[in-house]
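**Student:** Starting off with a structure, shown below.
The values are calculated or read from the model by the stated rules, or taken from the named source; none is laboratory data. What you see is a predicted model, and the numbers here were worked out from it, not measured in a lab. Glycine gets a Cβ as well: all are built from the backbone with ideal geometry, and neighbour counts include every protein chain shown.
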Amino acid sequence: MKPGSVAIVGAAETTELGVVPHLSQIQLHADAALNALADAGLRPQDIDGVATAGNTPTEVAYYLGITPTWVDGTAVGGCSFMLHVRHAAAAISAGLCKTVLVTHGESGKSRVGALPRTIPPSGLQGQFEAPYGIFGPPSQFTIPVLRFLKDRGMTQEQLAMVAVVQREWAAKNPRALYKDPITVADVLASRMIAYPFRILQCCVVTDGGGALILTSADRAKDFPQKPVYILGTGESVETPMISQMEDFGSSRAFRVAGKRAFETAGIKHSDVDHLMIYDAFAHLPLFGLEDLGFVGRGESGDFIVARNTAPGGKLPMNTNGGGLSYTHTGMYGMFALQESVRQVRGTALAQVPGVEVSVCHGVGGMFAASGTIVMSNQRP
Amino acid sequence: MSDLPLPVPTPETKHFWEGTRAGELRLQRCTACEKAYFPPRPFCPACGSRKVEVFKASGRGFLYSYVIHHRPAPGFTPPYSIAVVELEEGPRMMTNIVGVPQTPEALRLDMKVKAVFAKQNDEISLVHFTPEAA
Ligand SMILES: [Zn+2]
């Protein structure tokens, strides 16, 4: 795919976000999809490509009344939607379809029509991790952090600062679940979940969804919204078992996906005006900043504490408040993409002035997968 | 410990669970590239060779990283450690650190640990680790 040859022409989240017990999971997909279709001035019947995760593309296409010629059910966790955008751009470029709908819906909090969460006891994780008391992402995703901090001489205060800065962004966002300011002391005094992680360093748990519509850049100019061009993309996977991650100080999937996205976009780090790094937990932006090459190894903590990513900083990051304060349905990647699109369109609730290039970086599973998208309002 | 989600061995992992039942930590090693690896599979993940052998590991390693879980989970009473140990032979594995207070002060990164085997039933014994000094 040539940089800028495919564009996002529709983007929306569910009308309601947070606690939405009166909608089932499939209806959250549909609510987001109908909002994104309205944003693009389209009907479901105008769509010929469907991509989703969690629920299947079959369920989503059927429910919305779509007859696709291309589907993608890549499901690698919360960054699946980054991979869908990448695959959709390739499919559109190859002529497999013209107009792709990517949907996310998840009843993560209310669990209405949600999918079961089970670890098969005969799988590798079931045999070699589950018997040791792992109990959801807070007990697994956090395991590398003591090693990460020790090897870098970094502190728990620096880790806490990630949550503090993101709450500052959330305070500017009326749709954020949590908006009240917090301090490092508040974070370190909050309820212990899995030492060294306190509740304010763990993502919120919500219901909601989002959807994107992509088409060729040549067609994009005929749509009502200003096109958001896909400049570059990357993806990778590492391991489904956090204990088997090669390096507890760095994600191989992050490095591979990020490098490829920057290379294919043909951009330098200094070209980036806005950054999203999927933050299911407070350490992810630290890993992301280092693994994407925005800072050197061990520099991420100081970079955050120096307010580079805060409102007014030189690299505004997670400007919706992130998974820590805005929303986190379970697969947050769609919401990171939505915020990048809004910032590039100039329509975000906490808009950064003059955003031209946004990098949106996602994680799937517990450092298991990654996807990175570079987008811009300028076609190269 | 009756609620604990116990493993169900497969043909490829059977030797490991037979080992723990016998009080041995059994790893695999590639005879082509010499690399030891875990979790079990009948080929080398480093080079793809099927020429691999099972061997008895020393059971010694060091505490690589951990969390102390503060919420209840089936079969566990909080607070309890969920740890990753790096074995002398190279591979890492998830475990619980036992025989020591479940506190940051007692659970020092890089401390030397050794394997102990916790019988769950006639088929399954889990591998836990305890400080070597203890
Ligand atoms: Zn080998």
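**Student:** Out of all the residues in the range B:91-112, which are within 9 Å of chain A (Cβ to nearest Cβ), of a type in the set (Val, Ile, Thr) and buried (at least 17 other Cβ atoms within 10 Å of the Cβ)?
**Tutor:** Once the filter is applied, which keeps residues that are within 9 Å of chain A (Cβ to nearest Cβ), of a type in the set (Val, Ile, Thr) and buried (at least 17 other Cβ atoms within 10 Å of the Cβ), the range B:91-112 yields only B:THR95.
**Student:** Further, regarding this structure: Just a yes or no: is a residue in the range B:9-19 under 27 Å from A:ARG147 (Cβ atoms), in a loop (DSSP other than H, G, I, E, B), in contact with a Gly (Cβ under 6 Å, 6 or more places away or on another chain) and within 14 Å of another protein chain (Cβ to nearest Cβ)?
**Tutor:** Scanning the range B:9-19 turns up no residue that is under 27 Å from A:ARG147 (Cβ atoms), in a loop (DSSP other than H, G, I, E, B), in contact with a Gly (Cβ under 6 Å, 6 or more places away or on another chain) and within 14 Å of another protein chain (Cβ to nearest Cβ).
**Student:** Hey, another quick one. Taking A:GLY232 as meeting all but one of (1) in contact (Cβ under 8 Å) with a residue 12 or more places away in the chain; (2) over 17 Å from A:ARG86 (Cα atoms), write down the number of the exception.
**Tutor:** A:GLY232 satisfies all of (1) in contact (Cβ under 8 Å) with a residue 12 or more places away in the chain; (2) over 17 Å from A:ARG86 (Cα atoms) except (2).
**Student:** Failed condition for B:GLU53, given (1) within 18 Å of B:GLY19 (Cβ to Cβ); (2) at the interface with chain A (Cβ under 9 Å from one of its Cβ atoms); (3) over 10 Å from the mean Cα position of the chain (by Cα), with all others met?
**Tutor:** Going through (1) within 18 Å of B:GLY19 (Cβ to Cβ); (2) at the interface with chain A (Cβ under 9 Å from one of its Cβ atoms); (3) over 10 Å from the mean Cα position of the chain (by Cα) one by one, B:GLU53 breaks only (2).
**Student:** Which of the helices (runs of 4 or more DSSP H) found entirely inside the range A:115-187 contain at least 3 residues meeting this: modelled with pLDDT of 95 or more and away from every other protein chain (no Cβ under 14 Å)?
**Tutor:** A:156-170
**Student:** Looking at A:LEU64, A:LEU83, A:LEU28 in this structure, which one is touching a residue at least 60 places away in the same chain (Cβ under 8 Å), out of contact with any Asp or Glu (no Cβ under 6 Å at 6 or more places or on another chain) and not basic (Lys, Arg)?
**Tutor:** Going through A:LEU64, A:LEU83, A:LEU28 in turn, the sole match is A:LEU28.
**Student:** Here's something else I'd like to know. Would you say B:GLY23 is within 30 Å of B:GLU105 (Cα to Cα), facing another protein chain (nearest Cβ under 8 Å) and within 18 Å of the chain's Cα centre (by Cα)?
**Tutor:** Answer is no for this residue.
**Student:** Another question, if that's okay. Identify, by number, the condition in (1) within 16 Å of the ligand (Cβ to nearest atom); (2) surrounded by fewer than 16 Cβ atoms within 10 Å (Cβ to Cβ); (3) more than 9 Å from every other protein chain (Cβ to nearest Cβ) that B:LYS119 doesn't meet.
**Tutor:** B:LYS119 satisfies every listed condition except (1).
**Student:** Another one. Do you know which residues across the range A:211-245 are touching a Leu at 6+ places or on another chain (Cβ under 7 Å) and outside any loop (DSSP other than H, G, I, E, B)?
**Tutor:** Those that are touching a Leu at 6+ places or on another chain (Cβ under 7 Å) and outside any loop (DSSP other than H, G, I, E, B): A:ALA211, A:LEU212, A:ILE213, A:GLU235.
**Student:** Output the helices (runs of 4 or more DSSP H) that fall wholly within the range A:262-331 and possess 2 or more residues being surrounded by fewer than 24 Cβ atoms within 10 Å (Cβ to Cβ), or say none.
**Tutor:** Counting at least 2 such residues, we get A:300-305.
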